[in-house]
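Report on one structure; see the data block that follows.
The values are calculated or read from the model by the stated rules, or taken from the named source; none is laboratory data. These figures come from a predicted structure and were not determined experimentally. Neighbour counts run over all protein chains shown; Cβ positions are idealised from the backbone, glycine included.
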Amino acid sequence: MEIALPVIVILALAGGVIWVLVSIERKRTAAWGDIAARIGAKFTPRGSGVHTLFAFQLFGSGTSRKTNNHLQWQSEGLTVHLADYQYTVRNYTGRGSHSKTYRQTVCILEKQEMDLPRSFLRRQVKFLDWMGGKFGAQDIDFEEDREFSKAFVLKGDETGTARVFGPELRQHLLQNRDAFKTLEMNGTAIMLNFGKRRKPEEYADLVGLAMPVYYMATSEGSAW
């Protein structure tokens, strides 16, 4: 009995933690479902395959990729996707391996008439990106906008991407640099990755950050 008691305690604690986590996820899904009903969006609480439809760098990372709490609706000629996305990365060391699961909320704006150059933007990590620059890593800089170039790493077609990221878009992204982790464009779609899971009640702010990117990218690019 003395041996069994610690095991029972551990199992009880583990069961309690699992129950709490499941309850949190259920409440989150219910909240997203309420938002979907309020705005008239199609809601897929589990198992959405929307991440398989777009050739974004984020969707090619890691394994065990999943999209949950997926809202889809039409707005101003665009198909808007707002969802929780997760993937797992396994790291191997001399002592074995361990895995980490990354969870974030993403917003995708889709329009068949767009033809955007493939572009990837992220916040700059000073030392690592300084080292990368020494070894020839790509980073499109704007001589006329040193503040933007110091804040972000931008990769893509040198001509097309630089044209799309005009002054207004650069200013918008600079002002909101802490609100998102990465921005990707590719053909008919734009995606903002917010870097962590955001609260359902923030949905309007998330879409409100993404929509100007579409308008500025398509109006400043001479191809549109």
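Does T67 satisfy being among the β-branched types (V, I, T), out of contact with any Lys or Arg (no Cβ under 6 Å at 6 or more places or on another chain) and more than 23 Å from G208 (Cβ to Cβ)?
Considered against the rule, which asks whether it is among the β-branched types (V, I, T), out of contact with any Lys or Arg (no Cβ under 6 Å at 6 or more places or on another chain) and more than 23 Å from G208 (Cβ to Cβ), T67 comes out as no.
Test of understanding: among A151, A189, which residue is at pLDDT below 95 and surrounded by 13 or more Cβ atoms within 10 Å (Cβ to Cβ)?
Answer to the selection: A151.
Being closer than 21 Å to Y214 by Cβ and not aliphatic (A, V, I, L, M) is the filter here, so list the residues in the stretch 38-64 that pass it.
Listed by number, the residues that qualify are G40, K42, H51, F54, F56, Q57, F59.
For the stretch 158-186: of the residues being loosely packed, with under 15 Cβ neighbours inside 10 Å and within 12 Å of L121 (Cα to Cα), which is nearest to the chain's Cα centre (by Cα)?
Out of the qualifying residues, it is R177.
Please find, among V80, V7, the residue that is in contact with a Phe, Trp or Tyr (Cβ under 7 Å, 6 or more places away or on another chain) and either modelled with pLDDT under 95 or closer than 29 Å to F152 by Cα (or both).
V80
Taking interchain pairs and intrachain pairs at least six residues apart, which have beta carbon atoms under 6 angstrom, with the first residue in the stretch 167-196 and in contact (Cβ under 8 Å) with a residue 24 or more places away in the chain and the second assigned to a strand (DSSP E or B) and basic (K, R)?
These pairs meet every condition: T182/R122; N186/R118.
For the stretch 63-84, which positions are in contact with a strand residue (DSSP E or B) (Cβ under 7 Å, 6 or more places away or on another chain) and in contact (Cβ under 8 Å) with a residue 40 or more places away in the chain?
At the first step, the residues of the stretch 63-84 found to be in contact with a strand residue (DSSP E or B) (Cβ under 7 Å, 6 or more places away or on another chain) are 63-73, 78-84.
Residues satisfying the conditions are N69, L71, L78, V80, L82, D84.
Pairs, please: C-beta under 7 Å, at least 6 apart or cross-chain, first residue without any contact (Cβ under 8 Å) to a residue 12 or more places away in the chain and in the stretch 141-165, second acidic (D, E) and surrounded by fewer than 16 Cβ atoms within 10 Å (Cβ to Cβ)?
S149/D141
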